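Enquirer: The structure that follows is given in the form of structure tokens.
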Amino acid sequence: MPIGKGQFTADTCVAARRLLNLPQMALAKTSGLEVSVIIDFERGCRGLSTNEITSIARALEKAGVNFSTDGPVLTPGATAAQPDLISAVEFYERLKAALRDQRLV
């Protein structure tokens, strides 16, 4: 089901990610957006463009979420993903970059 700009909220995004056990970093990667965009949106610090919403919604749908009037639900047969493991060094570098983008470091 297509989701419109006013219908896709931070709570919708978080709920869909939790259904899939999908970290913010993995959603950023699959949607083609920076992790800071996902983090800021979910924290309520920024809005999203229509293109960003479409990218996130498509990534979540591809991973197995359907958006209904009651909120996100798993597609029949879909299972929660096991997050990709990344090295501690790669995680640290990504986190440092995201914090630098937010001027926290």
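Enquirer: Quick check on this structure: which one of Lys62, Lys29 is among the basic types (Lys, Arg), surrounded by fewer than 12 Cβ atoms within 10 Å (Cβ to Cβ) and at pLDDT below 95?
Expert: Numbers: Lys29 fails: surrounded by fewer than 12 Cβ atoms within 10 Å (Cβ to Cβ).
Lys62 is the lone residue from the list that is among the basic types (Lys, Arg), surrounded by fewer than 12 Cβ atoms within 10 Å (Cβ to Cβ) and at pLDDT below 95.
Enquirer: Suppose we keep only residues that are charged (D, E, K, R) and modelled with pLDDT of 90 or more within segment 3-26. Which one would you say is surrounded by the most Cβ atoms within 10 Å (Cβ to Cβ)? Break it down into steps so the answer makes sense when it comes.
Expert: Just the residues of segment 3-26 that are charged (D, E, K, R), to begin with: 5, 11, 17-18.
In the following step, the residues that additionally are modelled with pLDDT of 90 or more were identified as 11, 17-18.
Working: Asp11: 12, Arg17: 23, Arg18: 11.
In this case the residue turns out to be Arg17.
Enquirer: Restricting to segment 65-85, and then to whatever is out of contact with any helix residue (DSSP H, G or I) (no Cβ under 8 Å at 6 or more places or on another chain) and not hydroxyl-bearing (Ser, Thr, Tyr), can you tell me which residue is modelled with the highest pLDDT?
Expert: Asn66
Enquirer: Exactly one condition in (1) hydroxyl-bearing (Ser, Thr, Tyr); (2) more than 21 Å from Lys96 (Cα to Cα); (3) free of Cβ contacts under 8 Å to residues at least 60 places away in the same chain is false for Thr30; which is it?
Expert: Thr30 satisfies every listed condition except (2).
Enquirer: I'm checking my understanding of the structure. Among residues of segment 33-72 that are without any contact (Cβ under 8 Å) to a residue 24 or more places away in the chain and assigned to a loop (DSSP other than H, G, I, E, B), which one is nearest to Lys96 (Cα to Cα)?
Expert: Looking at the filtered set, the residue picked out is Leu33.
Enquirer: Whether any residue in segment 32-52 is β-branched (Val, Ile, Thr), in contact with a strand residue (DSSP E or B) (Cβ under 6 Å, 6 or more places away or on another chain) and over 26 Å from Leu95 (Cβ atoms) is what I want to check. Show your work before the answer.
Expert: At the first step, the residues of segment 32-52 found to be β-branched (Val, Ile, Thr) are 35, 37-39, 50.
Next, only the ones that are in contact with a strand residue (DSSP E or B) (Cβ under 6 Å, 6 or more places away or on another chain) stay: none.
There is no residue in segment 32-52 that is β-branched (Val, Ile, Thr), in contact with a strand residue (DSSP E or B) (Cβ under 6 Å, 6 or more places away or on another chain) and over 26 Å from Leu95 (Cβ atoms).
The values are calculated or read from the model by the stated rules, or taken from the named source; none is laboratory data. Not measured: the values here are computed from a predicted model. Backbone-built Cβ (ideal geometry, glycine too); neighbour counts: all protein chains shown.
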